[in-house]
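J.: One structure is given below, represented as structure tokens, and several questions about it will come after.
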Amino acid sequence: MAAAAAAAVPVATPTPGRMERVVLVTGASGGVGLALCRRLLEEDGRIHLCLACRNAQRSEAARESVLAAHPAAQVSTVEVDLGSLVSVLRAARDLRRRFQRLDFVYLNAGIMPNPQVNFRALWQGLMTGKVLHMLTTAEGIMTQTDRLNGDGLQEVFATNLFGHLILVRQLESLLCGNEKPSRLIWTSSSNARETAFSLSDYQHAKGQESYSSSKYATDLTSVVLNRKLNKQGLYSSVVCPGLVMSNMTYRILPVFLWKLLMPIMWLIRFFAKTYTLTPYNGAEAHVWLFKQKPESLDALVKYHSCTSGLGKNYVEPRKMDVDEETAEKLYEKLLELEKQALEKYDDLLDK
Ligand SMILES: NC(=O)c1ccc[n+]([C@@H]2O[C@H](COP(=O)([O-])OP(=O)(O)OC[C@H]3O[C@@H](n4cnc5c(N)ncnc54)[C@H](OP(=O)(O)O)[C@@H]3O)[C@@H](O)[C@H]2O)c1
């Protein structure tokens, strides 16, 4: 009886003190996001960490697993489905009520639905000199089947980019004009390719590379956010975690096949340093950025997590293949879409 009564008491959400940095991580329920949370607390045990997840049970399990490693840490959760505008707006409202500012927002949640490997292209690639490039970027060998979500948007675009952008826009009052700069860190991918993206079909309704398109659009968006918001003390960066074994990769090939391939992948790692393989290694660039002064970073660079053949982690900056004019045009389209999409949610908006 006493145990049941105790279980019914809601878990108190710790509120951050004035000096503690507040860090929000989307997609914190597993993979790179969860590893990142643990690693951030290793860097600074005093941060207030807020895990943004869509599933309450997985979110609580993630919180408990973070607390198991860092019992004194301040860890809270917020429920958000990035693929649903109403959920994003509610989460933003909740965060505005709970926090006075946000120091870091890791925009990490992502999906790659129904991934298919084009084994023919893979085989042809193996026979050509482009094999390493193909194995590290998955260029030309991965396709996905996308669909419309409940808001009438392409699901991959909505989850990977648009939901995150709306979240950021609704949190601007917590992110801009603070004493110290605030930071956005997007988990992009080396699979982000210009050839998969088109301004006239920026949601990628017509193609089969919605993932690549959404990540390229993410890179473009980050570039524009820097142009628009650096003056207000908000800085945006993009990272690639490399190839990481996570729920996402386990949807591409079954777990047992990845396990069989592991010795080959360790060997490939001597040539392909982006084969980070574990979520811990994949979070290297995210953690590195946590320690950098934002003014010293290049807005046109993607920061790649890398692991050497002998297992040493490091970060490699690589110039992005982005055109700033296209980035501006995409941003205008995103703002137009935002205007249309949010019309009916007036009561939930930050005014
Ligand atoms: N794995 C790789 O090799 C690789 C390579 C390049 C880039 N990335 C990027 O790295 C990021 C993390 O991926 P991962 O490898 O760690 O995969 P993962 O283990 O599948 O993690 C994805 C995370 O995103 C969350 N998520 C998915 N849809 C969501 C939604 N609608 N609303 C809220 N949260 C949602 C998932 O939550 P649930 O637990 O509820 O599903 C999970 O926490 C992604 O952006 C991915 O594109 C991964």
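J.: Could you go through the stretch 254-265 in sequence order and give the Karplus-derived ³J(HN,Hα) for each residue, using 6.51 cos²θ - 1.76 cosθ + 1.60 with θ = phi - 60°, rounded to whole Hz, and x for Gly and Pro?
T.: Per-residue couplings from phi come out as x, 3, 5, 5, 4, 5, 5, 7, 4, x, 5, 5 Hz.
J.: Related question: For the stretch 255-320 and the stretch 147-174, what is the separation of their C-alpha centers, rounded to whole Å?
T.: When both Cα centres are located, 27 Å separates them.
J.: Pairs of alpha-carbon atoms within less than 8 angstrom and 6+ residues apart define the contacts here; what relative contact order does the chain have, in percent? Write out the running numbers ahead of the final one.
T.: On the way: 650 pairs, mean separation 58.1, N = 351.
Reported relative contact order: 17 percent.
J.: When the chain is treated as a GNM, springs tying every alpha-carbon pair under 10 Å, which of 239, 117, 315 comes out with the largest mean-square fluctuation?
T.: 117
J.: Amide H of residue 237 versus every other amide H placed in the peptide plane: which residues, excluding those fewer than 5 positions away on the same chain, fall under 5 Å?
T.: Amide H neighbours of residue 237, under 5 Å, 5+ apart: 184, 185, 186.
J.: Rg (Å, one decimal) plus Dmax (Å, integer) for the alpha carbons of the stretch 145-253?
T.: Cα radius of gyration and Dmax of the stretch 145-253 are 15.0, 47 Å respectively.
J.: Picking from 47, 166, 264, which is most flexible by a Gaussian network model of the chain using Cα springs under 10 Å?
T.: It is 264.
J.: On to the next question. With θ set to phi - 60° and the Karplus curve 6.51 cos²θ - 1.76 cosθ + 1.60, what are the ³J(HN,Hα) couplings of the stretch 37-46 in order, to the nearest whole Hz, using x for Gly and Pro?
T.: Coupling constants for the stretch 37-46: 4, 5, 5, 5, 6, 5, 6, 8, x, 9 Hz.
J.: With the Cα gyration tensor of the stretch 155-215 giving a ≥ b ≥ c as the square roots of its eigenvalues, does the rule (a/c under 1.5 for rounded; else a/b larger than b/c for prolate; else oblate) give rounded, prolate or oblate? All intermediate terms of the calculation are to be shown ahead of the outcome.
T.: Details: a/c = 3.22, a/b = 2.24, b/c = 1.44.
Since a/c reaches 1.5 and a/b is larger than b/c, the shape of the stretch 155-215 is classed as prolate.
J.: Here's a follow-up. Could you go through the stretch 103-116 in sequence order and give the Karplus-derived ³J(HN,Hα) for each residue, using 6.51 cos²θ - 1.76 cosθ + 1.60 with θ = phi - 60°, rounded to whole Hz, and x for Gly and Pro?
T.: My calculation for the stretch 103-116 gives 8, 9, 10, 8, 8, 10, 4, x, 10, 9, x, 6, x, 10 Hz in order.
J.: Once label points are set 7 Å from the Cα along Cα→Cβ at both residue 176 and residue 60, what is their separation, rounded to one decimal in nm?
T.: Each label point is offset 7 Å from its Cα along the Cβ direction, giving 3.8 nm.
J.: Given a 10 angstrom Cα cut-off, can you work out which residue in 225, 135, 253 is the most mobile in a GNM of the chain?
T.: 253
J.: Would you mind getting the Kirkwood hydrodynamic radius of the chain from its Cα pairs, rounded to one decimal in Å?
T.: 20.8
J.: Could I ask something else about it? Quick check on the stretch 247-351: take the gyration tensor over C-alpha atoms, sort the square-rooted eigenvalues as a ≥ b ≥ c, and tell me if it's rounded (a/c under 1.5), prolate or oblate. Before the final figure, lay out each step's value.
T.: On the way: a/c = 2.49, a/b = 1.70, b/c = 1.46.
Prolate.
J.: Roll a 1.4 Å probe over the protein chains and send me the accessible area per residue for the stretch 11-114 in Å².
T.: Here the per-residue accessible area is 42 Å².
J.: In addition: Using 0.36 nm times the number of residues separating residue 319 and residue 43, minus their current alpha carbon distance, what extension gain do you get?
T.: Details: separation 276, 0.36 × 276 = 99.36 nm, distance 2.71 nm.
That works out to 96.7 nm of additional length.
J.: Probe 1.4 Å, all protein chains in place: accessible area of residue 266 in Å², nearest 10?
T.: Solvent-accessible area, nearest 10 Å²: 140 Å².
J.: Any idea how far the Cα center of the stretch 194-252 sits from the one of the stretch 76-122, in Å?
T.: 13
J.: With the full set of protein chains in place, find how many percent of the accessible area of the stretch 198-309 is carbon and sulfur; take the probe as 1.4 Å.
T.: 61
The values are calculated or read from the model by the stated rules, or taken from the named source; none is laboratory data. What you are looking at is a predicted structure, and each value in this text was computed from that prediction instead of being measured. Note that each Cβ is placed from the backbone with ideal geometry, even for glycine, and that neighbours are counted across all protein chains shown. Side chains included, ligands, DNA and RNA excluded: accessible areas come from the protein's heavy atoms. Shrake-Rupley method; radii C 1.70, N 1.55, O 1.52, S 1.80 Å.
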